[in-house]
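The block underneath contains the structure these notes are about, expressed in structure tokens.
The values are calculated or read from the model by the stated rules, or taken from the named source; none is laboratory data. Worth saying up front: this structure is predicted, and the values here are computed from it rather than measured. Ideal geometry is used to build each Cβ from the backbone, glycine not excepted, and the neighbour counts take in all protein chains shown.
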Amino acid sequence: MTVPARRLSRWELKPLVMACCGNMRSMSTEGVLEPDRGGGVGISPRLAAGVVDVFVYVVVLNLFAEYFPKVISETFTLSLLAALLLKVVLEVVLLVKDRVKQRFRRATTPLGKVAAAIMLWLVLVGSKFAVLEAVNAVFGSRVSLGGFFQVTLLILVLLVSRLAVRRLLRGWSPPT
């Protein structure tokens, strides 16, 4: 069953942007702009990393749409919004996964280790379904990420691409 597609209002997009770009109290520049070494104002590293992640996700998502027939995005705008949604969902999944990994490390009994391992497996498998359902709920049939295996591959490529771009940019500094 698919949900009919509809436009998102500004108020529906605000939580997505806030989750992607950090914990901002308002839509002001607080926490977004920071003083740089030259006395000017620069963008916070967290916001810059979030924006770069979304751009990487757009490229990867559009490559998947081009080469996998089951991956569909009707317009570039929908690809951009889907990339933003993927950023939010994957950040939540990574946060949950890290907490479960901490629980696994703190477990002292074999039963505790097994329970934490099962929870980790459930998070890793369940996250694919969470991504599929979130995209379906927000975009309906206008954006489709295929099935479980396409989403699994997509998420792996997204995370590896994000890591590669972050490592590439880590040593880069803007020309002066």
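Per-structure values
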quantity: Those residues of the range 133-164 which are at pLDDT 90 or above and of a type in the set (Val, Ile, Thr), in sequence order; calculated: Val135, Val138, Val143, Val157, Val160
quantity: Answer from Val71, Val56, Val114 - the residue that is in contact (Cβ under 8 Å) with a residue 12 or more places away in the chain and out of contact with any Phe, Trp or Tyr (no Cβ under 9 Å at 6 or more places or on another chain); calculated: Val56
quantity: First in the range 150-173 and closer than 14 Å to Val58 by Cα, second anywhere and among the hydroxyl-bearing types (Ser, Thr, Tyr) and at pLDDT 85 or above, Cβ under 6 Å, 6 or more apart; calculated: Leu158/Tyr57
quantity: Criterion (out of contact with any helix residue (DSSP H, G or I) (no Cβ under 8 Å at 6 or more places or on another chain) and either closer than 15 Å to Arg162 by Cβ or in contact (Cβ under 8 Å) with a residue 24 or more places away in the chain (or both)) met by exactly one of Ser127, Ser141; calculated: Ser141
